[in-house]
Amino acid sequence: MSELKSQFDLRQKARWLSGLIVLLFTLIIFSSHTSLADSQVQKKNGLLSAKIDRLIQEAQKREGVIPAPRSTDAEFMRRVSLDLTGKIPAVAELRRFLTDQSPQKREQLVDRLLASPGYTVHFTNVWRDLLLPEITTNLQFRGQVPEFEAWLRSKFQENTPYDVLARQIINSPLGANPQNQSGEPVQELTPRAYYIVKQLKPENLAAGTSRAFLGVRIECAQCHDHPFDSWKQQQFWEYAAFFSNIDQPQPNQIATALNLRESGGRPQIKIPDTNRLVDATFLDGIQPEWDPGQSAPRRQLADWITDNDNPYFAKATANRVWSLFFGRGFIDPVDDFSSTNRASHPQLLELLANSLREHEYNLKFLVREIVNSQTYQLTSRETDSSQSRPEWYGKMPTRGLTAEQIFANLVQATGFFRQTSEVDPFLFSQGNNSPEAEIGDLFQTDAENQLDPRATILQALALMNGAFMTNATSLEQSDVFTAIVEFPQLTVSAKIEAFYLCTLSRFPTDSEIKRLTEYVSTAKTEDDKTHAYSNLFWALLNSSEFLLNH
């Protein structure tokens, strides 16, 4: 019995020591930090961000919009960390940023975040969902995700120009990996999953590429002429013909890398329920010139889509990138460029598109200029009724988070890794057994913008009573909770402050400190006090302030 008690005491001490280490890393304010070398810091050009602000301010003046004040440093760091890395900042980084007196600290923070692995991971998730929306509803294709994610991750890590990335997807090599001289397959990452998930069907590939890269919904003309736009049924199938040389799998056969094939010859396709055979034709009505014996229709299409003279590609890309930071694009929905859906700020959209071309489709350049603009750095608090319409950007809109962001925030805030440490990187093969998969399935959304987040009953129940949340706010299993509650030198108000910083990324107000100190102080025993802290931690993690980007 005494031996069991001794082992228990050792485990308790080890857990307390682990929590203490976490707390020290979390709470210490570093007196100094090593700045990036001058050669590694990209100086902010500022020309584009200043033009963004000028055009937005001119529109606000016309519409009688009084802009909100600038965001606080804490508000800005939480927002930009979520937007660039997909999760809230670590408390040590937050404290260091808040005490930094440099007038360029916001620009310097943006540069650090863009250079971090978190940027690569987050933008991989964003573009995976954009390019493969089918994986959220069709489980049979989730096995294709790991290779596609790995390929995308390598592109964002290298900061591959977006036009190059688009060309590589559209003209992806099909079939199994090539073999070396020994007959062994050469491991080569490709985006061929894009074709597999679209089931190799020309109509699916036409709809997917036109939405993703051109911002148009030509699939509405698949069965008949577009009811609200100028697209004709023949135009849809002429565009789909660029994918008609891809051999279709046999009935009841699922497309895989092993059975992907592409034949040669002039690409043509028959319009369903008709006797008309149409040739591959660009959406501007021009037919490519086909080389004898080497048609390469997908390469021809990729070149046309990404050509600087294409009227859609640069604008669609700029519009989509803008929407990532403001919840909606100048064209909303982002993939519905049409004669009946005009841009709210056409001059600004043209400016961003031209800047993208001039900077060779460098996404980091565009992202940096957008988040360094004063338009992006306004507070989300409404200070005047004129700020209510989101298209005039009088204040920063409140936006919903993705499933990955919600889970990453929970892990960051609680330090609770035990349930995630054994998760296989090929996440989707595990079904709903992991916390990531459970939250991912619950919080997946097909909303066309982030401005109207709506929680379901199942989502609320998972956060209030789910096993992950219960364990993450317990003294026995949450490192952050244990470190804060059991650290002997912290006062009640300091512990409340620590909980706010690790969840909401801000200091509590004086009234919050007063009210919560009174609440904790009413506890009569240490167990009651621990329970009070647990209730506080739980309430913060379930608050809309934690679950939204603002």
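The values are calculated or read from the model by the stated rules, or taken from the named source; none is laboratory data. Note that the structure is predicted; figures quoted are calculated from it, not measured. In this analysis, Cβ positions are derived from the backbone assuming ideal geometry, glycine residues included, and neighbour counts consider all displayed protein chains. The area values use the complete protein model at the heavy-atom level, side chains included, leaving out ligands, DNA and RNA. Shrake-Rupley method; radii C 1.70, N 1.55, O 1.52, S 1.80 Å.
Among the residues of the stretch 462-481, none qualifies, meaning not one is open to solvent by 10 Å² or more (accessible area, probe 1.4 Å), under 10 Å from A413 (Cα atoms), of a type in the set (S, T, Y) and in a helix (DSSP H, G or I). Selection over the stretch 341-364 of residues that are in contact (Cβ under 8 Å) with a residue 40 or more places away in the chain, basic (K, R) and over 25 Å from V80 (Cβ atoms) gives a count of 1. Mind checking which residues of the stretch 381-396 are buried (at least 22 other Cβ atoms within 10 Å of the Cβ) and farther than 17 Å from K61 by Cβ? Within the stretch 381-396, just M396 meets the criteria. If you check F325, F337 for being open to solvent by 10 Å² or more (accessible area, probe 1.4 Å), under 22 Å from D452 (Cβ atoms) and aromatic (F, W, Y), only one passes: F337. Please indicate, with yes or no, whether at least one residue in the stretch 97-107 is under 30 Å from I196 (Cβ atoms) and open to solvent by 10 Å² or more (accessible area, probe 1.4 Å). No, the stretch 97-107 has no match at all. Between T120, T137, the distinction of being open to solvent by 10 Å² or more (accessible area, probe 1.4 Å), under 21 Å from V367 (Cα atoms), free of Cβ contacts under 8 Å to residues at least 60 places away in the same chain and β-branched (V, I, T) belongs to T120 only. Criterion applied to V492, V480, V485, V520 was being farther than 19 Å from E75 by Cα and within 29 Å of the chain's Cα centre (by Cα), and the one residue passing it is V480.
Residue by residue, here is whether (1) of a type outside the set (A, V, I, L, M, F, W, C); (2) open to solvent by less than 20 Å² (accessible area, probe 1.4 Å); (3) within 25 Å of T503 (Cβ to Cβ) holds:
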position	(1), (2), (3)
G86	yes, yes, yes
V91	no, yes, yes
A115	no, no, no
N125	yes, no, yes
F141	no, yes, no
F148	no, yes, no
L152	no, yes, no
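Scoring G327 on the criteria (1) under 30 Å from S230 (Cβ atoms); (2) within 23 Å of the chain's Cα centre (by Cα); (3) free of Cβ contacts under 8 Å to residues at least 12 places away in the same chain leaves a single failure, condition (3).
Mind listing just one residue for me: the one in the stretch 480-501 that is over 16 Å from D528 (Cα atoms) and in contact with a Ser or Thr (Cβ under 6 Å, 6 or more places away or on another chain) and, of those, modelled with the highest pLDDT? Among those residues, the one meeting the criterion is S493. Here the condition is being farther than 17 Å from L82 by Cα, of a type in the set (G, A, S) and at pLDDT 95 or above; of S385, S338, S380, S421, it holds for S385 alone.
Given the condition at pLDDT 80 or above and either open to solvent by less than 20 Å² (accessible area, probe 1.4 Å) or among the small types (G, A, S) (or both), answer yes or no: does some residue in the stretch 434-451 qualify? Reasoning before the result, please.
Taking the stretch 434-451 first, the residues at pLDDT 80 or above are none.
So far as the stretch 434-451 goes, no, none of its residues is at pLDDT 80 or above and either open to solvent by less than 20 Å² (accessible area, probe 1.4 Å) or among the small types (G, A, S) (or both).
In the set Q300, Q347, only one residue is within 30 Å of L47 (Cβ to Cβ) and of a type outside the set (A, V, I, L, M); that residue is Q347. The set of residues in the stretch 479-537 that are touching a Phe, Trp or Tyr at 6+ places or on another chain (Cβ under 8 Å) and over 21 Å from L94 (Cβ atoms) comprises E486, V520, A532, S534.
Residues of the stretch 523-538 being open to solvent by less than 50 Å² (accessible area, probe 1.4 Å) and either part of a helix (DSSP H, G or I) or closer than 24 Å to A460 by Cα (or both), which ones? If you could, list the steps in order and put the result at the bottom.
Restricting attention to the stretch 523-538, the residues satisfying the condition of being open to solvent by less than 50 Å² (accessible area, probe 1.4 Å) are 523, 530, 532-534, 536-537.
Result: T530, A532, Y533, S534, L536, F537.
Considering only residues in the stretch 76-103 that are touching a residue at least 60 places away in the same chain (Cβ under 8 Å) and not in a helix (DSSP H, G or I), the one that is nearest to Q157 (Cα to Cα) turns out to be G86.
Is there a residue in the stretch 252-262 that is modelled with pLDDT of 75 or more, hydrophobic (A, V, I, L, M, F, W, C) and out of contact with any Gly (no Cβ under 6 Å at 6 or more places or on another chain)? No: the stretch 252-262 contains no residue that is modelled with pLDDT of 75 or more, hydrophobic (A, V, I, L, M, F, W, C) and out of contact with any Gly (no Cβ under 6 Å at 6 or more places or on another chain).
The test for being surrounded by fewer than 20 Cβ atoms within 10 Å (Cβ to Cβ), touching a helix residue (DSSP H, G or I) at 6+ places or on another chain (Cβ under 8 Å), more than 30 Å from Q104 (Cβ to Cβ) and not small (G, A, S) holds for Q268.
Would you mind stating whether P67 is open to solvent by less than 50 Å² (accessible area, probe 1.4 Å), modelled with pLDDT of 95 or more and out of contact with any Pro (no Cβ under 9 Å at 6 or more places or on another chain)? Please lay out each step first, then the result.
On the way: open to solvent by less than 50 Å² (accessible area, probe 1.4 Å): no; modelled with pLDDT of 95 or more: yes; out of contact with any Pro (no Cβ under 9 Å at 6 or more places or on another chain): yes.
Criteria not met by P67.
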